[in-house]
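The values are calculated or read from the model by the stated rules, or taken from the named source; none is laboratory data. Treat the numbers as computed from the prediction; the structure is a model and nothing was measured. Backbone-built Cβ (ideal geometry, glycine too); neighbour counts: all protein chains shown. The protein model used for the area step is the full one, side chains on, heavy atoms only, and it has no ligands, DNA or RNA in it. Shrake-Rupley method; radii C 1.70, N 1.55, O 1.52, S 1.80 Å.
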Amino acid sequence: MPHDWEASRMRTGATLVGSSKVDRVPYFPLACEEMICRISGKTLRELTSSPKAYANAAIMTYEYLKADTVAIPTAYAGPAEALAFAEVNKKEEVTKWFDYKVFMVEQGAVCKTLEDIEKLEIPDHSKVQMWDTCLSAAKLVGEKTKFRPSCALGIWSVVQELRGVEAYRDMRRNPDLLLKLCEKVYESQMDVYNFYNEKIGFSPTIFFTGYAFNKHMMSFEDAMKYEGDFIKRIQKETSARIVLHNCGTTPYFDEVCSEIDLLAINGSHPLDIEYWVDFREKHPNVAIIGANIDVSRELFNGTPLDVENKVKENIMHLAAEGRYMVGPICCLPWGVSMENIMTIPKAIKKWGTYPLNLE
Amino acid sequence: MDESEILGKLRKAIISGIPEDATELVHEALEAGVDSKLILNNAVIQGAETVGLKYEEGEFFLGDMLLAADAINNCIDAIKLKLKDATHLTLGKVLIGTPEGDLHSIGKSLVIALLQGQGFEVIDLGVDVPPEKFLEAAKKENVDIIGISGLLTMTISKMTETVVLLKRKGIKAKIILGGGILSEESCRQIGADGWAKDGWEGVKLIKKLMGVS
């Protein structure tokens with residue numbers, strides 16, 4: 001049976017806004033380049049050789065996984081943004097390519113010195129081939145499936161790529177300069193957003209990688225200063241709703257919801273389901289994507305029954321009133337058995353079809 | 001300044017994460033004839049303990065830890081320069097790198113700074129280290145601990161491959177894995193000797209595995 005993207009679009013949209021007209025809990029996997037390579041059998045260079053090749057492989061992958069969402073994973077505030085900065089600042093040599101996973105930029109190599117930050121050029125994404133290919137692919141995905149991938153932005157994820165561990169020293173010793181770097185990243189992210197809008201159309205939601213919101217990395221005050229305040233500015237400028245992703249082990253999900261109006265949060269920690277139940281009670285209008293399904297646990301080491309039980313646990317505790325999507329965190333890696341991965345959509349169908357019957 | 005005043009200021013410089021002040025104060029202490037062991041025990045180690053405690057209590061974060069570690073490293077370097085035999089300052093030898101395919105160095109850099117600050121000798125293999133390179137270095141360097149620090153879920157397989165290779169080839173050093181992508185349970189299943197979710201936990205785990213208080 002062909003994948004019904006229209007149904008997926010309705011399902012995810014209705015779930016995010018808390019509508020009762022949802023047939024079942026949606027499935028929101030993060031299938032990164034590695035998984036697309038695995039399913040399509042193509043290398044990353046082959047995928048990114050043309051928008052059509054990438055779009056078709058992404059659709060094939062997400063359909064194979066029986067997902068209710070689809071993405072061109074490279075188009076986010078991670079390695080591709082670091083690559084764009086590396087290119088425009090003439091430091092292409094710091095990018096390393098791999099066959100079956102995303103390329104990476106050596107952390108901290110683009111902004112090695114304070115002078116590098118002062119002189120950092122902002123990329124024009126329409127002139128960066130990788131971004132043009134990825135957003136063209138996203139456009140094709142939208143045309144073929146009628147399910148448009150969200151625009152994906154972030155601040156601290158990019159700062160870490162550009163400045164590396166020095167960013168944490170700067171936080172104490174050169175806070176003004178660090179803020180200047182954040183400003184430049186913000187400017188670049190707005191360029192991504194505008195390029196997305198120009199190429200694909202208005203993105204009503206932004207998938208935001210909020211890596212600053214992690215308790216063992218920085219205080220909440222600093223997380224707001226170096227990322228949260230920029231999210232507020234993005235919201236003001238774009239009117240888009242934010243889905244906040246953080247795959248760290250100690251996220252500030254609860255705290256951030258008191259400061260920023262979020263549509264949804266996407267994470268897998270803490271692993272205690274009670275945290276998530278409590279979060280749901282405190283923030284009933286914020287959708288939860290994920291909860292405590294972490295890929296390095298049941299998916300990596302468990303049996304299909306373990307995976308099913310984990311999916312069931314999450315649905316049982318969080319899906320009754322809607323606003324919940326199953327989504328293992330973080331990216332589905334190469335080493336996880338396909339049997340375990342494919343247990344997720346089966347378990348959702350079994351336990352997550354409304355009205356829920358979890359006996 | 002008398003001895004206790006210098007040591008108090010040195011402790012404060014470490015806790016406040018001001019490496020330049022720490023260097024100056026440790027030189028001042030040595031020039032004033034303060035015994036190097038006293039500097040280590042009453043200022044450097046006490047300062048490091050306070051920093052660790054503040055991190056555990058959520059008062060300090062990564063930036064504070066890094067700068068404190070820089071200050072501690074400066075102190076140890078300065079003390080080593082004064083001593084003919086500084087071997088007693090070395091608690092053990094640690095080999096560290098990120099797994100093949102992972103270029104994320106922040107976690108590794110933090111662990112290295114903290115370990116050096118605690119008196120460990122660290123051999124940094126860098127990022128994107130293939131299993132064979134870990135093996136080669138482990139054989140050559142005769143290390144006590146091998147640490148593999150990863151950020152990406154996609155590198156769990158490579159971490160597993162590295163641990164299996166090291167164990168299969170009879171490497172006796174304890175192998176620990178770091179990063180939130182793993183857990184105690186997954187580390188056990190992979191065959192590693194321990195797991196640390198962050199840099200500070202890593203240092204504590206290494207000290208525990210080596211029986212260092």
Subject >> Test for A:Val311: is it more than 30 Å from A:Ser239 (Cα to Cα), of a type outside the set (Lys, Arg), touching a residue at least 40 places away in the same chain (Cβ under 8 Å) and touching a Phe, Trp or Tyr at 6+ places or on another chain (Cβ under 7 Å) >> reply: yes
Original post:
Restricting attention to the range B:120-147, and to residues there that are over 16 Å from B:Arg168 (Cα atoms) and touching a Ser or Thr at 6+ places or on another chain (Cβ under 6 Å), which single residue is farthest from the other protein chains (Cβ to nearest Cβ)?
Top reply: B:Glu121
Original post:
Of all residues in the range A:75-105 being charged (D, E, K, R) and more than 21 Å from the chain's Cα centre (by Cα), which is least open to solvent (accessible area, probe 1.4 Å)?
Top reply: A:Lys91
**OP:** Filter the helices (runs of 4 or more DSSP H) completely within the range B:1-78 down to those with at least 3 residues that are within 14 Å of chain A (Cβ to nearest Cβ).
**Re:** B:3-16, B:19-31, B:46-56
Original post:
Quick one: would you say A:Glu115 is in a helix (DSSP H, G or I), at pLDDT 95 or above and more than 22 Å from A:Ala57 (Cα to Cα)?
Top reply: yes
Original post:
Just checking, which of A:Glu87, A:Glu143 is assigned to a helix (DSSP H, G or I), farther than 30 Å from A:Arg11 by Cβ and modelled with pLDDT of 95 or more?
Top reply: A:Glu87
**OP:** Using the structure shown, decide if B:Gln116 is free of Cβ contacts under 8 Å to residues at least 12 places away in the same chain and either within 14 Å of another protein chain (Cβ to nearest Cβ) or open to solvent by 60 Å² or more (accessible area, probe 1.4 Å) (or both).
**Re:** no
**OP:** Run down A:Asp116, A:Asp191 and say which single residue is among the charged types (D, E, K, R) and either free of Cβ contacts under 8 Å to residues at least 60 places away in the same chain or open to solvent by less than 20 Å² (accessible area, probe 1.4 Å) (or both).
**Re:** A:Asp116
Original post:
Which fully enclosed helices (runs of 4 or more DSSP H) of the range B:124-213 have 1 or more residues being at pLDDT below 90?
Top reply: B:156-168, B:184-190, B:199-209
**OP:** Spot the failing condition for A:Gln189; the list is (1) under 28 Å from B:Leu66 (Cα atoms); (2) touching a strand residue (DSSP E or B) at 6+ places or on another chain (Cβ under 6 Å), and only one is missed.
**Re:** (1)
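To keep it simple, each residue is scored yes or no on (1) touching a helix residue (DSSP H, G or I) at 6+ places or on another chain (Cβ under 7 Å); (2) crowded, with 17+ Cβ neighbours inside 10 Å; (3) in contact (Cβ under 8 Å) with a residue 60 or more places away in the chain; (4) among the β-branched types (Val, Ile, Thr).
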{"position": "B:Glu136", "(1), (2), (3), (4)": "no, no, no, no"}
{"position": "B:Lys169", "(1), (2), (3), (4)": "yes, no, no, no"}
{"position": "B:Lys174", "(1), (2), (3), (4)": "yes, yes, no, no"}
{"position": "B:Lys208", "(1), (2), (3), (4)": "no, no, no, no"}
Original post:
Residues of the range A:204-232 being facing chain B (nearest Cβ under 10 Å), at pLDDT below 95 and either surrounded by fewer than 21 Cβ atoms within 10 Å (Cβ to Cβ) or more than 26 Å from B:Gly199 (Cβ to Cβ) (or both), which ones?
Top reply: A:Lys215, A:His216
Original post:
Based on what the data block shows, is B:Thr23 hydroxyl-bearing (Ser, Thr, Tyr) and either open to solvent by less than 40 Å² (accessible area, probe 1.4 Å) or at pLDDT 90 or above (or both)?
Top reply: yes
Original post:
When B:His104 is evaluated against the numbered criteria (1) free of Cβ contacts under 8 Å to residues at least 40 places away in the same chain; (2) outside any helix (DSSP H, G or I); (3) within 14 Å of chain A (Cβ to nearest Cβ); (4) open to solvent by 20 Å² or more (accessible area, probe 1.4 Å), which criterion, by number, is the only one it fails?
Top reply: (1)
Original post:
In the range A:199-223, which residue that is over 25 Å from A:Tyr252 (Cα atoms) and touching a residue at least 60 places away in the same chain (Cβ under 8 Å) is nearest to the chain's Cα centre (by Cα)?
Top reply: A:Ile200
Original post:
Out of the residues in the range A:168-184 that are without any contact (Cβ under 8 Å) to a residue 60 or more places away in the chain and within 22 Å of the chain's Cα centre (by Cα), which is farthest from A:Val94 (Cα to Cα)?
Top reply: A:Glu183
Original post:
Do we find a residue being away from every other protein chain (no Cβ under 14 Å) and surrounded by fewer than 24 Cβ atoms within 10 Å (Cβ to Cβ) anywhere in the range A:168-178?
Top reply: yes
Original post:
Within the group A:Lys42, A:Lys66, A:Lys52, which residue is over 15 Å from the mean Cα position of the chain (by Cα), more than 29 Å from A:Leu299 (Cα to Cα) and either more than 14 Å from chain B (Cβ to nearest Cβ) or without any contact (Cβ under 8 Å) to a residue 12 or more places away in the chain (or both)?
Top reply: A:Lys52
**OP:** Restrict the check to the range B:1-8 and report whether at least one residue is touching a helix residue (DSSP H, G or I) at 6+ places or on another chain (Cβ under 9 Å), open to solvent by 20 Å² or more (accessible area, probe 1.4 Å), at pLDDT below 90 and charged (D, E, K, R).
**Re:** no
**OP:** Give the residue, chosen from B:Leu182, B:Leu165, that is among the aliphatic types (A, V, I, L, M) and crowded, with 24+ Cβ neighbours inside 10 Å.
**Re:** B:Leu182
